[in-house]
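Student: My questions all concern the structure below.
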Amino acid sequence: MRNNEAAAKHHRLIYLLSVAQRRLRRWMAAQPESEVTPAQAGLLFILGKQDGALMGEAGAALDLGPAGISGLVDRTAAARLVERRADREDGRAWRVWLTPKGRGALAQAKASAGEINAVLTDGFTSAEIDIVARWLMSIQDKFPRDSTRDPTRDPEE
């Protein structure tokens with residue numbers, strides 16, 4: 001079901017989404033207790049679920065290409081939060097593992113994410129948040145990372 005174009009324009013969704021993302025990232029990066037960047041926290045969350053993930057798997061989970069995940073792992077390894085090891089079965093592949101310091105940073109990042117999510121959802125019902133989450137997820141479907149599909153065209157055309 002398509003929304004009325006005039007109504008969709010009224011909400012300035014692109015602008016609002018962009019500003020919200022920038023402000024949230026800036027606020028998170030400015031927190032004095034924050035030991036990691038939001039991007040590093042994302043990597044730690046991935047490794048918290050699957051320690052020893054292949055770099056490509058971690059990059060895909062974070063919507064990063066090879067260069068992006070490589071740089072993120074380099075910076076996170078320089079902070080001694082993760083270490084990169086060659087895959088035992090495929091010498092061309094690399095896996096990323098949490099260090100003890102990384103496990104501590106992961107625990108802190110989880111607590112911080114819980115606090116931030118509480119602020120983000122304050123004043124909204126669970127049903128409203130479910131709709132916002134569904135809308136945000138739909139953006140990933142409508143604008144796939146490596147797709148040339150034009151979401152502004154009707155698929156029936």
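The values are calculated or read from the model by the stated rules, or taken from the named source; none is laboratory data. Note that this is a predicted model, so its numbers are computed, not measured. A quick note on method: Cβ atoms are made from the backbone with ideal geometry, for glycine too, and the neighbour counts reach across all protein chains shown. To get the accessible areas, we keep the full protein, side chains included, count just its heavy atoms, and leave off ligands, DNA and RNA. Shrake-Rupley method; radii C 1.70, N 1.55, O 1.52, S 1.80 Å.
Student: Take the range 46-100, drop everything but the C-alpha atoms, weight them equally and run the Debye formula without solvent; then report log10 I(q)/I(0) at 0.17, 0.30 Å⁻¹ to two decimals.
Tutor: Here log10 of I(q) over I(0) equals -0.46, -1.34.
Student: Leaving out ligands and nucleic acids, note down the accessible area per residue over the chain with a 1.4 angstrom probe, in whole Å².
Tutor: I get 74 Å² per residue for the chain.
Student: What is the calculated FRET efficiency for A20 to F45, with r their C-beta to C-beta distance and R₀ = 25 Å, to the nearest 0.05?
Tutor: Computed FRET efficiency for A20 and F45 comes out at 0.80.
Student: Something else now. For helix 66-78, what angle does its Cα long axis make with the longest principal axis of the chain, in degrees from 0 to 90 and rounded to 10?
Tutor: With rounding to tens, the tilt is 50 degrees.
Student: Follow-up. With an 8 Å cut-off on Cα pairs and a minimum separation of 6 or more residues, tell me the relative contact order of the chain in percent.
Tutor: Working: 109 pairs, mean separation 27.2, N = 157.
Relative contact order, the chain: 17 percent.
Student: Oh, and also: Which entry in (1) 31, 15, 13; (2) 35, 22, 14; (3) 33, 22, 13 matches semi-axes √(5λ) of the Cα gyration tensor in Å derived from the coordinates of this structure?
Tutor: Step by step, semi-axes √(5λ) of the Cα gyration tensor in Å for this structure corresponds to label (3).
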